[in-house]
Amino acid sequence: MSERMAGKRALITGGVANIGLAIVEAFVAEGAIVTVADIDATRGADLERRLGSKVKFFQTDLSKEQEIKAVIANAAKWMGGIDTLCLNAGIQLSGKAESFSTADWDKVFAINVTANFVFVRESLKFLRQGGKSSVVMMSSLAGKRGAPGLTAYSSSKAAVIGLATTLALELASDGIRVNAVCPGWIDTPFNQPVINFMGGREKQEAAAKAVIPLGRQARAEEVAPLFVYLASNESSYVTAQAINVDGGVYN
């Protein structure tokens with residue numbers, strides 16, 4: 001590895017599994033020091049044991065503002081500041097709009113949108129100190145196109161794009177770049193709710209392959225490098241973008 005992230009102090013949400021885990025591993029391999037905020041304490045402890053002294057895990061319920069504030073304070077103390085936010089955590093709940101509860105709608109938006117806003121707002125005093133800080137938010141191709149059964153998820157990911165691009169313009173004068181990443185079909189357990197909605201793995205795979213020009217779903221490890229690029233100084237002139245990783249679906 002080239003250590004493109006050497007000296008970077010990154011706070012990553014949802015970093016113990018799926019794409020989030022691939023992001024943490026890529027950041028560490030590229031020289032970053034990483035704080036991980038996630039609800040899964042068992043996987044978090046395993047992550048610390050496996051990746052060593054460059055990773056610190058804090059169990060965090062991202063639906064609770066006080067816990068977000070606490071992990072930001074702990075991360076800044078442990079790393080000596082924060083200059084990179086990777087807001088990857090999210091939840092996916094599926095179901096037809098007519099039967100989707102308001103409680104589930106609120107749950108999706110609390111994790112996928114509101115938590116991102118709170119993380120940025122509460123981290124600004126640290127992000128402003130470096131002058132070359134970066135925020136990368138996880139959106140989705142579903143935030144650009146929508147999909148049956150994903151009313152809440154697609155709406156929340158569209159909101160992430162709006163949040164990221166608006167913050168990018170608001171914070172540009174502080175030297176803080178903000179971008180969103182929009183994966184398409186990624187082969188991880190995160191997509192199980194929509195797989196169930198589509199009638200099972202076989203039907204989901206067939207439907208995905210039918211619309212993906214590259215003919216396959218991606219692996220989590222194929223998304224993480226874009227987070228590295230957007231968090232590194234290599235992307236110093238890239239902000240207010242929502243970049244697809246979708247095998248050519250959206251063109």
Identity of the residue in region 199-251, assigned to a helix (DSSP H, G or I) and aromatic (Phe, Trp, Tyr), that ends up nearest to the chain's Cα centre (by Cα) = PHE227
Among the residues listed as ASP83, ASP38, ASP104, the single one being in contact with a helix residue (DSSP H, G or I) (Cβ under 7 Å, 6 or more places away or on another chain), of a type in the set (D, E, K, R) and more than 23 Å from ARG9 (Cβ to Cβ) = ASP104
Taking region 48-84, which residues are acidic (Asp, Glu) and in contact (Cβ under 8 Å) with a residue 24 or more places away in the chain?
-> GLU65, ASP83
Being within 26 Å of ILE33 (Cβ to Cβ) and aromatic (Phe, Trp, Tyr) is the filter; apply it to region 81-124 and report the residue that is surrounded by the most Cβ atoms within 10 Å (Cβ to Cβ).
-> PHE119
Any idea which residue in region 16-43 is farthest from the chain's Cα centre (by Cα), counting only those that are surrounded by fewer than 22 Cβ atoms within 10 Å (Cβ to Cβ) and under 19 Å from ILE91 (Cα atoms)?
-> THR42
Could you say whether any residue in region 17-26 is touching a strand residue (DSSP E or B) at 6+ places or on another chain (Cβ under 6 Å), β-branched (Val, Ile, Thr) and part of a loop (DSSP other than H, G, I, E, B)?
-> no
Note down all Cβ pairs under 6 Å where the first residue falls in region 11-27 and is of a type in the set (D, E, K, R), the second is at pLDDT below 95, and they're at least six residues apart or on different chains.
-> none
When region 44-60 is checked residue by residue, the ones that are surrounded by 15 or more Cβ atoms within 10 Å (Cβ to Cβ) and either in a loop (DSSP other than H, G, I, E, B) or among the hydrophobic types (A, V, I, L, M, F, W, C) (or both) are LEU47, LEU51, VAL55, PHE57, PHE58, THR60
Does PRO193 qualify as being under 15 Å from VAL108 (Cβ atoms) and either at pLDDT below 95 or not in a helix (DSSP H, G or I) (or both)?
-> yes
Would you confirm whether any residue within region 45-68 is touching a Phe, Trp or Tyr at 6+ places or on another chain (Cβ under 6 Å) and among the acidic types (Asp, Glu)?
-> yes
Counting just the residues of region 82-125 that are out of contact with any strand residue (DSSP E or B) (no Cβ under 8 Å at 6 or more places or on another chain) and of a type in the set (Phe, Trp, Tyr), which one comes out modelled with the lowest pLDDT?
-> PHE100
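Tell me the residue from GLN92, GLN129 that is in a helix (DSSP H, G or I) and not hydroxyl-bearing (Ser, Thr, Tyr), please. Can you show your working first?
Values: GLN92 fails: in a helix (DSSP H, G or I).
Being in a helix (DSSP H, G or I) and not hydroxyl-bearing (Ser, Thr, Tyr) holds for just one of GLN92, GLN129, which is GLN129.
The values are calculated or read from the model by the stated rules, or taken from the named source; none is laboratory data. Everything numeric here is computed off the predicted structure, so don't read it as measured data. Because the Cβ atoms are built from the backbone with ideal geometry, glycine has one as well, and the counts that use them run over all protein chains shown.
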